[in-house]
1. What distance in nm separates the two pseudo spin-label positions at Lys147 and Ala510, each 7 Å out from Cα along the beta-carbon direction?
2. Among Val373, Leu419, Cys434, which residue has its Cα furthest toward the positive end of the charge dipole of region 334-481, with +1 on Lys/Arg Cβ and -1 on Asp/Glu Cβ?
3. Assuming 0.36 nm per residue, please report the length gained on full extension of the stretch Lys205 to Leu494 beyond their Cα-Cα distance.
4. Protein chains only, probe 1.4 Å: how do Thr309, Thr386 rank by accessible area, largest first?
5. From largest accessible area down, sort Val509, Val15; use a 1.4 Å probe on the protein chains.
6. Please report, as a whole percent, how much of the solvent-accessible surface of region 209-251 comes from carbon and sulfur atoms (probe radius 1.4 Å).
7. How many nm separate the modelled label positions at Glu25 and Phe130, each set 7 Å beyond the Cα in the direction of the Cβ?
8. Ordered by residue, what ³J(HN,Hα) values in Hz, to whole numbers, does region 267-280 give under the Karplus form 6.51 cos²θ - 1.76 cosθ + 1.60, where θ = phi - 60° and Gly and Pro are x?
Amino acid sequence: MPPGKVLQPVLKMKVDELFLYWLSEAGTQRMLQDCLRRIKAPGRDPPTAGDGELPGVWPAAPLAAPRPGGLDLAATPGPGPALPLGAASSPRNAPHARGTRRSAGTRVVQTRKEERLPPASSQSIPTFYFPRGRPQDSLNVDAAISKIESTFARLPHERATMDDMGLVAKACGCPLYWKGPLFCGAGGERTGSVSVHKFVAMWRKILHNCHDDAAKFVHLLMSPGCNYLVQDDFVPFLQDVVNTHPGLSFLKEASEFHSRYITTVGHQRIFYTVNRSWSGRITCAELRRSSFLQNVALLEEEADINQLTEFFSYEHFYVIYCKFWELDTDPRPAHRRARPAISTKMIDRIFSGAVTRGRKAQKEGKISYADFVWFLISEEDKKTPTSIEYWFRCMDLDGDGALSMFELEYFYEEQCRRLDSMAIEALPFQDCLCQMLDLVKPRSEGRITLRDLKRCKLAGVFFDTFFNIEKYLDHEQKEQISLLRDSDGSGPELSDWEKYAAEEYDILVAEETAGPGRPACPGNHAELSPVEQKLSALRSPLAQRPFFEAPSPLGAVDLYEYACGDEDLEPL
């Protein structure tokens, strides 16, 4: 043995030693002989003790090789002398036995490798990840295709135009306003019509690969080679809504306002609500978690589009656009154009690019219409996840993902100065800080994270305390119990944004009908229902001005140094 090598027991050799010892016992030999006789001559009674050797059966032979040292324990009656276990297992005393055992062990290992099965745990876990929806076993693709073919058979030359796509959408089992995406998905925008063969091939592929509405909708509108939707992908769908929805019929002759409505609704409001990752790309998972497709289905049932306040309301577009026009025509400097309630430090943060997308606009001290939509909705409703993320990004000066006490004091200093100018005694920062920490209850001492604010039901009170003087004073006049009651999301009550939009719309319409002193915006009100009045308002001097500079593509801009993770999303 090489010097320094330590002797270690070999468990397999011990087991082989005990097995050979058991096999050499006389009782074991008799039991095995009986088993062999039963296999050789089935149906015969087993021999009893003392019976002679049966004719036709081979003589009893030892089933094990002789033990080392010349002892044949198989031929010796009785159990025989017990051998020391160490003698047979010692590699020095039994080199041949060790070699035999090593070769037998090799054969066993090789057999196990050939018969290896996957772990039992991997077989018991069912598939749980379905990026394109869970497959439906009950779906009959041939029956669905047959229904579509029968619909095309009733059309001239078995070709469907855009006007015919409503019937085709119903044959596919889709909501009515999927007709635009279906038409474009089959290539109809290039030829003006879709043949039955091309549409069936397209829809059959979708049925085999996409197993829920979210995956189908994304597949119909996405660009080739993508698995997500960007802003421009929604244009065919929204253009069809503008052209055919009865609630927007007054816009048919005012095509110059189509792009403005589409930009507000499709490019901003949909992404504001659905694109929870701020990436500028709506995936199937994000679309599935949102209520967008449910609102698309409601377009068919609701003739008054203003009832669909989450995405498609024309009144909301009216308010947003008129508010932007007021700021865009204000002769005051850029830093004074925003609402005076917002502190200048926060305005500077917004114009610095913390939540805006156009690098050119940041350098020139401007804000685009697209960014203004996000600003106005976030300012008027600070309870939504997107608005909380919006203001958190503005307040996070160093971008480390947490609000420090220094950052809170930085914004609160201006609040104190503004309160002093109004002859109102400001609360010292230390006392204000204690109140805010009790309000938010952060998990980590000395820092407030995005998750802390989303968990807090009064995030709006927190933000207004540091940069909105008017709303801060309103909150101070209310008791905390009433604030909690107002922030309770249960029930069908209107959101803060819906309340604001309804109030502002009534004010704007009243000002327009009061006299010609105010430039008109495109309206949708009972008193302005005649088409002539609407179009005259649309083609006012406001309509002759450039609308806004087209914002840069959302997906090509790094909005922030850290993104909203899955842990920050609201539970489904």
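1. Placing both labels 7 Å along Cα→Cβ, they lie 5.1 nm apart.
2. So the residue we want is Val373.
3. Working: separation 289, 0.36 × 289 = 104.04 nm, distance 4.15 nm.
Residue separation times 0.36 nm, minus the Cα-Cα distance, leaves 99.9 nm.
4. Working: Thr309 35, Thr386 10 Å².
The most accessible residue leads, giving Thr309, Thr386.
5. Final ranking, largest accessible area leading: Val15, Val509.
6. Numbers: 740 of 1520 Å².
So the carbon and sulfur contribution to the accessible surface is 49 percent.
7. 5.8
8. Values per residue, Gly and Pro as x: 7, 10, 5, 5, 5, 4, 8, 8, 7, 6, 8, 6, 8, x Hz.
The values are calculated or read from the model by the stated rules, or taken from the named source; none is laboratory data. Here the structure is a predicted model, which is why all the values come from computation and not from measurement. So basically every Cβ, Gly included, is an ideal-geometry build from the backbone, and we count neighbours across all protein chains shown. For the accessible areas, the whole protein counts, side chains as well, though only heavy atoms, and no ligand, DNA or RNA atoms are used. Shrake-Rupley method; radii C 1.70, N 1.55, O 1.52, S 1.80 Å.
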